[in-house]
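We did not get these values from a lab; they are worked out from the coordinates using the rules stated. Just so it is clear, the model here is predicted, and its values are computed rather than measured. Here Cβ is always computed from backbone atoms with ideal geometry, including for glycine, and neighbour counts include all displayed protein chains.
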Amino acid sequence: MRHHIRWTGDTLELLDQRRLPHEVVDVVCRDAAETADAIRDMVVRGAPAIGITAAYGLALEARRGGDLAAAHERLMASRPTAVNLRWALERLADVPAGELEAEAVAIHEEDVGINQAMGEVGASLIPSGANVYHHCNTGALATGGWGTALGVVRSLAAAGKRPHVYVGETRPYLQGARLTAWELLEEGIDHTLVCDSVAASVMPRCEAVLVGCDRVAANGDVANKIGTLGLAILAKHYGVPFYVCMPMSTLDQKAPTGADIPIEERSAAEVRGFGDVVWASESPIANPAFDITPAALVTAWVTEEGLWTPPDGA
């Protein structure tokens, strides 16, 4: 995969994921404000990638001698659901300004290693030649460079286990259609893109559902891209294992259950159309970016340290 988060020392260059797959264009950030805007506007998305980007944004502000407290607050508010954002900024809170750059680079490098370790754990659960269903985008683009759920697919392919991926398009922002399918094409991994409404029809053919997570509550409830809950219910009905790929940094011990996780409400424009094309009327629109999947619907939480179990043993 081409680099999508590039630190130059003076700037942060982000591959603009809003323009994929038709254009490969970078957005250049020079301070924390521009970095926060890039996160909020979804130039970069995916919980691990958001955390890495925010860390670099704080480092940019330090290099220009800016107000780090204000920068921290602005970055923290850019995407409220992804816990990696808070995790990264809290990790940097007590780091001296002159050391922020090195710590941000360390967070980036660590994420790649974490994802590769998680990929090996997840790949051990899935047989050769399996059909897997994947939601949203959890690949290199959503992380430091390997992927969480899609990183498991990458690890399966690297091990010669020949996975086939049903790629859910993931409305309304189409992260599956635009980003996951693009990544799989780039790497030559067998896949079929399907409308979200096809999931129930293909689920009986699948050996696993693989999803990422933006935040996991202490009891194992999962906040992830809208549509995850429906897939978990389908998987339960058909007896298909439902695996949540969870970097330990996404575990939020401060949220006892999923009810304690804030759900971001995004612009109605994302539902009315896409780009310059508008297909919906002016009807009132609800556009939650995430939903909560109860722990009882999760087969296993796959982490870089092995399989995690909620404290109550659910």
Exercise. Arranged from highest to lowest average of other beta-carbon atoms within 10 Å per residue, in what order do the peptides 195-201, 297-303, 135-141 appear?
Worked result: 135-141, 297-303, 195-201
Problem set entry | Segments 29-41, 118-130, 166-178 sorted - mean Cβ within 10 Å per residue, highest first | 166-178, 29-41, 118-130
Exercise. Angle between the Cα long axis of helix 228-238 and the longest principal axis of the chain, 0 to 90 degrees, nearest 10?
Worked result: 20 degrees
Exercise. Which of the peptides 94-101, 225-232 is most tightly packed, and how do the rest follow, going by the mean number of other Cβ atoms within 10 Å of each residue?
Worked result: 225-232, 94-101
Exercise. What residue among GLY239, GLY46, GLY147 has the largest mean-square fluctuation in a Gaussian network model of the chain, using Cα springs under 10 Å?
Worked result: GLY239
Exercise. Between the helical axis of 100-123 and the dominant principal axis of the chain, each derived from Cα atoms, what acute angle in degrees is found, rounded to the nearest 10?
Worked result: 10 degrees
Exercise. Summing -39500 (n - 2.57) over the DSSP H runs of n ≥ 4 in the chain and dividing by its residue number, what mean residue ellipticity at 222 nm do you reach, to the nearest 500 deg cm²/dmol?
Worked result: -10000 deg cm²/dmol
Problem set entry | Efficiency of FRET between THR192 and PHE274 - r from beta-carbon atoms, R0 25 angstrom, step 0.05 | 0.70
For this session: Give me the percent of Cα-Cα pairs in the chain that sit more than 29 Å apart, rounded to a whole number.
Result: 32 percent
